[in-house]
1. Translational D (Stokes-Einstein, µm²/s) of the stretch 194-317 at 25 °C and 0.890 mPa s when Rh comes from the Kirkwood sum over C-alpha pairs?
2. As I understand it, the value is the acute angle between the Cα axis of helix 62-71 and the longest principal axis of the Cα atoms of the chain; what does it come to in degrees, rounded to 10?
3. Using only the alpha carbon atoms of the chain, find the Kirkwood hydrodynamic radius as the inverse mean reciprocal pair distance, in angstroms to one decimal.
4. Could you work out the relative contact order of the stretch 378-513? I mean the mean sequence separation of Cα pairs under 8 Å and 6+ apart, divided by the number of residues, in percent.
5. Take the cross-link list Lys224/Lys491; Lys111/Lys404; Lys162/Lys404; Lys37/Lys248; Lys111/Lys491; Lys162/Lys332 and give me the ones stretching past 32 Å between alpha-carbons.
6. May I ask you to list the aspartates and glutamates whose Cα is less than 19 Å away from that of Lys346, ignoring any residue fewer than eight positions away on the same chain?
7. So what is the relative contact order of the stretch 203-291, in percent, for Cα pairs below 8 Å that sit 6 or more residues apart?
8. Can you tell me the dipole magnitude for the chain around its Cα centre, using point charges on the Cβ only (Lys, Arg +1; Asp, Glu -1), in Debye to the nearest 20?
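The values are calculated or read from the model by the stated rules, or taken from the named source; none is laboratory data. Please read these numbers as outputs of a predicted model, since none were measured by experiment. Note that we place each Cβ from the backbone using ideal geometry, even for glycine, and neighbour counts take in every protein chain shown. Calculation scope for accessible area: heavy atoms of the full protein, side chains included, ligands and nucleic acids excluded. Shrake-Rupley method; radii C 1.70, N 1.55, O 1.52, S 1.80 Å.
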Amino acid sequence: MHTDARLPRRRPRAALGAAALAALLAAAPAWAESPRKGGALTVAVETDVRGFDTVAGGVFGPTGEIVARAIEEPLLRYDYEAGEFRPLLATAWEASEDGRTWTFTLREGVKYHDGSSFDASDVAHHYNRILDPAMQSRSRFFLTSIERVEAVDALTVRFHLKHPWAALLPYLATTSMSGPIPAQEAVEAGTQNRHPVGTGPFRFVRWDSGDRIVVERFEDYWDKDAIHLDGITFRILPDTQTRYASLKSGEVDLIWTDRGATILDAAKDPALNTHHALGAGGETLLLNARNPHLSDPRVRAAIAHAWNQDALVKISWRDTRPVVRHPLVGLKDCGDADYRAYDPGKAKALLAEYGKPVSLSMIHTATPRGRELGELMQQMLKQVGMTLELQPVDQSTLVARVFKRDYDISGWRLADGLDMGPQLFAGVHSKSPYNLTGFNDPELDALALKMRTAPTREARLDLQCEISAKINADGQMLFRGGGSYYAFSRKPVRGIPAPRRGVVDVTRAWLAE
């Protein structure tokens, strides 16, 4: 029986551009004080949460995960320093000889915020609900290697797999929508989406839509000695400059940001702590191959060669993100992965061969970041003879339109993960509801299926590199910067780990004054 399991440690890339930024990050202080109990933290996030129910709420963005970590917990956690899985709601686990059955022993004495006891029925109900096609959960296709989940007894739960699946432990440790285990009673009552009940260190108090979410310390938390704050307020401040000004004035204690200018300025401020992590995945552009013009591979290839990722990284991210050619950075070196480099001459030749004028539209968020992305893409396509209409929308509308396939081009992202396989599979398989761009290639389907059932992690990663190369060759997804994540806090804030996957974990934070 295992109480931990090991994955290879991530191999960090070289510094993200500016040498001065790297030096500032290297000089970040390491605190040695004993944690101080009490006080409240105010965290500024960019967007509101869509909801906390795995069916009604859809999927978490970074804000959703940041808030959910305070309220809910998954079965496992991943220790990035040791490269191992550690116990959380599960204390031990073991696999059958054929790798198709995994049995987990659950932590005894864990309480939900409503006073009910956490047990195996909560785990089985949560995952079987996601797997039920009638529920239409957006998490389902990532987990279809799981056949069913069985509550053996109150403290034993068994996962039955369709085949050996190397991504099981990574997905049981995630704090994205499928990982945290809600109270079955709250889900069945239909209240989980707006009034979440979990086992986490903080209990939900209130949610003022578009303004703030407030949580308070849960006195019956199973690991309460590790929790120091009395409460946390998550302020929703969409504008980057407003978030940053609020941090500098002391109105908030911590912010998440991905804006290059803010990152470079904040990293030089002696009154602030810098929190940084590298990761896999990356920011992307989706090209909807179901639509006229984009259904022709020559047009998609022309756009790929017109797209200048290097310029975008310099102009928009200010070199605080790396240029990437595949989404497996830090997990596997895929070489150039058939990446279509910036070459406007090739783009013009492909359009000449296509022989028709190309006019497209692009949806982007009505934020400075979104407008900047749209304007850069518009300029790049204009240089090779294409026209692009820009359509600014709010974040919720953008997500809804992409899932309805009502777009030509849109910004998107491949979320960082310990195993990128489920995202790649869901993104490219022709039968996947997460195939948002229209991949329809039997060879790619076969490759994705082979990857999902690969017997070893190394074989799985090799196949993920092959899938990444096919994605690049096809041109339905373009990269616009790799996984590099930043948060900044006031000097008195302690106990903030590196923001892995772009998610800031404030659950064990404390205030020095």
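1. Details: Rh = 18.9 Å.
Translational D for this selection: 130 µm²/s.
2. It works out to around 10 degrees.
3. Values: mean 1/r = 0.0422 Å⁻¹.
When all Cα pairs of the chain are included, the Kirkwood radius is 23.7 Å.
4. Dividing the mean separation by the residue count of the stretch 378-513 yields 14 percent.
5. Numbers: Lys224/Lys491 25 Å; Lys111/Lys404 39 Å; Lys162/Lys404 30 Å; Lys37/Lys248 24 Å; Lys111/Lys491 34 Å; Lys162/Lys332 26 Å.
Result: Lys111/Lys404; Lys111/Lys491 exceed 32 Å.
6. Asp296, Asp310, Asp336, Asp338, Asp474
7. Values: 59 pairs, mean separation 14.0, N = 89.
With pairs under 8 Å counted, the relative contact order is 16 percent.
8. On the way: 63 positive and 64 negative charges, 246 e Å.
Charge dipole, the chain, about its Cα centre: 1180 debye, nearest 20.
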